[in-house]
1. Suppose a student asked you for the relative contact order of the range D:2-259, using Cα pairs under 8 Å spaced at least 6 residues apart; what percent would you report?
2. Taking a label point 7 Å out from Cα toward Cβ, give me the nm distances from D:Q129 to the same spot in the other copies, shortest first, one decimal.
3. Pull out a ≥ b ≥ c, the square roots of the eigenvalues of the alpha-carbon gyration tensor of the range A:1-103, then state rounded if a/c is under 1.5, prolate if not and a/b is larger than b/c, and oblate in the remaining case.
4. With only Lys, Arg, Asp and Glu charged, each at its Cβ (+1 for the first two, -1 for the last two), find how big the charge dipole of the protein assembly as shown is about the Cα centre; round to the nearest 20 debye.
5. Looking at the range D:1-144 only, what percent of DSSP beta bridges run antiparallel? Nearest 5 please.
6. Run the label-point distances for D:N239 please: 7 Å along Cα to Cβ, every other copy, nanometres, shortest first.
7. Distance cut-off 32 Å, Cα to Cα: go down the list B:K68/B:K256; B:K104/D:K211; B:K46/D:K211; A:K78/B:K183; A:K220/A:K244; A:K69/A:K226 and report the pairs above it.
8. What is the calculated FRET efficiency for B:Q132 to B:K104, with r their C-beta to C-beta distance and R₀ = 22 Å, to the nearest 0.05?
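The values are calculated or read from the model by the stated rules, or taken from the named source; none is laboratory data. Since the model is a prediction, treat every value here as computed from it, not as a measurement. Here the Cβ is made from the backbone with ideal geometry for all residues, glycine too, and neighbour counts use every protein chain on show. These area figures cover heavy atoms from the full protein model, side chains too; ligands, DNA and RNA do not enter into them. Shrake-Rupley method; radii C 1.70, N 1.55, O 1.52, S 1.80 Å.
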Number of protein chains: 4
Amino acid sequence: MKFLIVGDIIGRPGRRTLRKALDIYKADVVIVNVENSAGGFGITHKVYDELKSMGVDVMTSGNHIWDKKEGIALLERKDLLRPANYPEGAPGKGYGIFEKKGVKFAVINLMGRIFLDPHLENPFKVFDQLYQMLSLETPILIVDFHAEATSEKWAFGIYADGRASIVYGTHTHVPTYDQLILKHGTAYTSDVGMTGCWYSAIGMEPEDAIKRFLTGIPQKYKVEEKEDTVFNAILVEVNTNTGKAISIERIQHYFKRDELTQEG
Amino acid sequence: MKFLIVGDIIGRPGRRTLRKALDIYKADVVIVNVENSAGGFGITHKVYDELKSMGVDVMTSGNHIWDKKEGIALLERKDLLRPANYPEGAPGKGYGIFEKKGVKFAVINLMGRIFLDPHLENPFKVFDQLYQMLSLETPILIVDFHAEATSEKWAFGIYADGRASIVYGTHTHVPTYDQLILKHGTAYTSDVGMTGCWYSAIGMEPEDAIKRFLTGIPQKYKVEEKEDTVFNAILVEVNTNTGKAISIERIQHYFKRDELTQEG
Amino acid sequence: MKFLIVGDIIGRPGRRTLRKALDIYKADVVIVNVENSAGGFGITHKVYDELKSMGVDVMTSGNHIWDKKEGIALLERKDLLRPANYPEGAPGKGYGIFEKKGVKFAVINLMGRIFLDPHLENPFKVFDQLYQMLSLETPILIVDFHAEATSEKWAFGIYADGRASIVYGTHTHVPTYDQLILKHGTAYTSDVGMTGCWYSAIGMEPEDAIKRFLTGIPQKYKVEEKEDTVFNAILVEVNTNTGKAISIERIQHYFKRDELTQEG
Amino acid sequence: MKFLIVGDIIGRPGRRTLRKALDIYKADVVIVNVENSAGGFGITHKVYDELKSMGVDVMTSGNHIWDKKEGIALLERKDLLRPANYPEGAPGKGYGIFEKKGVKFAVINLMGRIFLDPHLENPFKVFDQLYQMLSLETPILIVDFHAEATSEKWAFGIYADGRASIVYGTHTHVPTYDQLILKHGTAYTSDVGMTGCWYSAIGMEPEDAIKRFLTGIPQKYKVEEKEDTVFNAILVEVNTNTGKAISIERIQHYFKRDELTQEG
Ligand SMILES: [Fe+2]
Ligand SMILES: [Fe+2]
Ligand SMILES: [Fe+2]
Ligand SMILES: [Fe+2]
Ligand SMILES: [Fe+2]
Ligand SMILES: [Fe+2]
Ligand SMILES: [Fe+2]
Ligand SMILES: [Fe+2]
């Protein structure tokens, strides 16, 4: 079974790029991280519907899922996850079991704590608990590990090796070039990278970020909309009997701005 | 002129891998980040000599350069840099003008502050000053931007676009897949990635990192030595008249552990 | 000359408390940190005028001064400072020379970087520069060191000992019990502490902070308004000829909510 | 029943000061935070014995307890605690029930996560669990909340109000001036403050800290030994039937260096 996995989608250019890309790259299941999908901050009903209409099967997220009230309400949908290691009492849920073409698979969303958010529960231990429960249902476990620190990502990948089918990172918005199948069968990459305007401060207008770095004054960040875009994704094939990864392939596709706006 | 640029070299497996790789990948100039080259922490005389004997032209570094006293003393060598934005009073220097095959080029080492070290001077402003000075000497400016946060790296890349020939990141130990030539001629990538054992916690034994994440107790990290290795680098061609980048290419080469130990 | 120095004033309860307290505690000069004075976030014209009408001579601030656009515009006023170590290009200024009862004195606002904001210039070095300049004008230098880390605060106090008349901390909102005159004549305390509702999450409604700590989800913080309040300040006497501190005294005064609302 | 509670003891000057102070200030129970008691980093057998010989009943600690191997081994002693919210698998324990003069009381050691250590479990939730268990045994619960951020400390204090007898902070090494009895009977203060040399970088030689702030280069910190010292503590009386606090009083006592060394 083939999984097309897309990282953080940045606003409208990200969504338009995704629509184009899904015409080109085909898979059995499409999983997308939506924490920046609506104007760069959170998600809305409209964006949720737009993404579903493109064929997105499961949506994961991260720290930005709380940015819009609408997005928080949407966490009731079965196919929209937030990191599972938010403490008890947080709205929404951090995992789900899904079925496609007669095959059941589980998706787990986790979030790192280093340089990111110390309020969360231990993602390593939460994974242990979820693994125990979910592996009774299906051998296919897919983990979006939304995190900043590369040490935390790699340590988690090795920790989950042989238990998860796929461990992939999101959140940094930069694709990494370390897609590999670990010793015990887990497909791994540190970050899928963003989908949106490429010549930008990780998807946002660079002027504001540069101003922050030069003056120290907090800025309002806006989605970069006027540049060409990039689609970053991984395509992973998983053996549906064993849950082991068969292959992991990186996809990077540039789109001219004109290609997108003609129809988006 | 072709520059082969290598990121953080992790201990002995990193050095052995580098020696092998330099037999295969040829360039006019070789630049290596050495902050983890001696046992994972800093550099020693012996390691410095070993790297020179392989043909390394310029060594950059980062936060770990202070880990060994020997390494601090070595900062007097013209070809060993530490980040230029350490405040006045820090030993060593953060840039140098070098010459190879009759061509002069400048190398600047900078360090990010976000999630890394708030004690440093503003890397954007230090770059402005160095650019003013060094661009009088040569149009070729190569910047090792040793940093954690991807927003700081990308914002800096765009900020320096058209002034630097190459801006490349180091420090996260994970290669990124965003090598590109920016609008005004600067070759850019967020992180070159490490050279060392691949199945590891960014070069170190994963057991200790996992223990830290599970128990919270600080651990002593040791270089991973028993696994196969990876060579991560970028190869950039620069027009020596204009200082603009002509091409940037990512290199990733796996080595079997046996290949290395036979002669290393 | 006697200086009454007040830390972070939290919203309306803080302002009302200040008005009451200034009827009781008298001094030649009143200096107040206003970064949280308007609804807990920044300052407005109305609040600025209100504070002036109470007899506040100089206003300092910190990281929250950027929270309201109005407050940023107000930075043009001579008597409203923001930390001096924001990089060049930031609006406003970080120091001023003032005169009261025929005596000139300088106020410097600085901000720490540890756990607070890595974008700023080195506060130790900025102090050196300002000292050189301002000590030509007056021996009385008063420093609001707006910072989080106690190590940075104490290290700065000792660094400035003998050059500053007073070094006092703000930002943590908790008064410290370490008011002392250092070896070379500088009056020091790590934090003046806030003025506002005492039974609170450092001035804000505790329910939201607790919710954050329990669920990890970001909350909108609101000023606590329904509790009794506290006035925290220091009273420092400085020799106007030498600039050395003669005495430093801590003031803490509780007010019943009823006392305040009758007239505020 | 009277509890004399002492914060972080810094090395030899801290221990000598404690010995002197315990001759002057009397209480039924003495609780001391020992994370910096041996040379500023961790604890040793010798120091443990020295502290017991002075009459210390219970020792709490924090992030520095792991600095010395000897100290980790000592965590088997019933009366030496480490923060209870280190994850399962960490050596030692984070609470204990003790008895003195026929009265049982529980001591809980917790650690904050903000600006300190994101690896730990949620201290609010761990407190809930321990409260459930320990309040069956005794109404007297004493909590050392070892933390950096004042918002986390105050939020915790209010959260535990009415359940804990005493919540006091340690770790910043600076005494705070907010000792009070909260609405539901919990005695609270944000930080007890350190015991050791006063004119110092929170107990350590200031030269090294200043060097760090000026040059950015990591330094080895050494205990300040040549200055006069300060004893910082709180004295809290608790109703042994209800577990409610009756009074909380701050103690601060200076000692001349000569007084200490004559006999230490
Ligand atoms: Fe994101
Ligand atoms: Fe994120
Ligand atoms: Fe490194
Ligand atoms: Fe580094
Ligand atoms: Fe404040
Ligand atoms: Fe502040
Ligand atoms: Fe401590
Ligand atoms: Fe501590």
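1. Contact order relative to length: 19 percent.
2. The answer, with the shortest distance listed first, is 0.9, 5.2, 5.2 nm.
3. Here the range A:1-103 falls in the oblate category.
4. The dipole magnitude comes to about 0 debye.
5. Working: 6 of 19 bridges.
Percent antiparallel among DSSP bridges in the range D:1-144 is about 30.
6. Copy-to-copy label distances for D:N239: 5.3, 6.9, 8.5 nm.
7. Cα-Cα > 32 Å for B:K104/D:K211; A:K78/B:K183; A:K220/A:K244; rest within.
8. On the way: r = 17 Å, r/R0 = 0.76.
Given R0 = 22 Å and the Cβ-Cβ separation, E is 0.85.
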